[in-house]
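Report on the structure given below.
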Amino acid sequence: MKFNSGGVPQGGIYVDIYRPSDPQNPNGGGEKLGTYLLESCTPKTGGGLTKRPDIDGGPNGWFIIDGDVEGSATIQRNVAVTPTLENGDYFDAGIRISATGAVLDERFVIHQPDRPVDAGYRKMSVSVIVDQYATNISPRNPLNAV
C-alpha cells in the first residue's frame with residue numbers, strides 16, 4: 001500500500017488511533033482521533049536478566065523474567081485533520097506473527113511521543129507497548145483506503 005503526502009511516497013499501513021475516554025479504564029472505549037499512516041513498528045519481547053553471585057565461590061546463578069512487548073514506531077499524520085499524539089493514545093493492528101504463522105491482532109499503546117517533524121509532511125516517532133489486557137481489539141482492514 002502506498003501513501004503520498006507532499007509528494008513523498010511511503011509504504012506502510014493505515015491505523016485508526018484513539019484516545020481513551022477514561023484513562024483509568026482504557027478498555028471502556030475511546031474517541032477516534034483519526035486515521036494515521038504507520039510507517040514502521042518494531043515490537044519485541046523484553047526481558048530482565050538478574051545475575052546473583054555465589055558467595056561460596058561456586059558458579060554464579062541467574063534467572064530471566066519475561067518483560068512486556070515494547071518497541072518504537074514512526075507515524076505520519078495529516079496536519080489538517082489529525083491531532084498530535086499523546087501518552088495513552090492507542091491503535092489496534094495485526095503486525096506480529098505467532099509461532100504457528102497466525103497474525104496477532106494486538107493493541108499498541110503510545111508513550112513518549114516526540115513532537116512532529118516536518119519532512120514535507122508530518123511524522124512522529126513514538127514508543128509503543130502492547131496492552132496485554134486489551135479487550136475488543138479491532139484492527140483496521142489494511143485493504144481499505146483512508
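Any read-out appearing in this document is the output of simple, stated calculations on the displayed coordinates, not a laboratory observation. What you see is a predicted model, and the numbers here were worked out from it, not measured in a lab. Note that each Cβ is placed from the backbone with ideal geometry, even for glycine, and that neighbours are counted across all protein chains shown.
Add +1 for every Lys or Arg and -1 for every Asp or Glu among the other residues with Cβ under 15 Å from the Cβ of Pro20, and state the total. Before the final figure, lay out each step's value.
Details: positive: Arg19, Lys32, Arg107; negative: Asp16, Asp22, Glu31, Glu86, Asp89, Asp92, Asp131.
Value of the local net charge: -4.
Cβ neighbours within 10 Å, averaged per peptide: list 28-40, 129-141 in order, most packed at the top.
28-40, 129-141
Ranked from highest to lowest mean number of other Cβ atoms within 10 Å per residue, what is the order of the peptides 98-109, 45-56, 14-25? Mind dumping the intermediate values first?
Working: 98-109: 13.5, 45-56: 9.0, 14-25: 15.2.
Ranking the peptides 98-109, 45-56, 14-25 by packing returns 14-25, 98-109, 45-56.
What are the ³J(HN,Hα) couplings of region 75-91, residue after residue, when phi is run through the Karplus curve with 6.51, -1.76, 1.60 and θ = phi - 60°? Round to Hz, x for glycine and proline.
After applying 6.51 cos²θ - 1.76 cosθ + 1.60, I find 10, 8, 10, 8, 4, 6, 10, 10, x, 5, 7, 10, 3, x, 5, 8, 9 Hz.
What is the set of long-range amide H partners of Arg122 at a cut-off below 5 Å, with H atoms built 1.01 Å from backbone N?
Arg77, Val79
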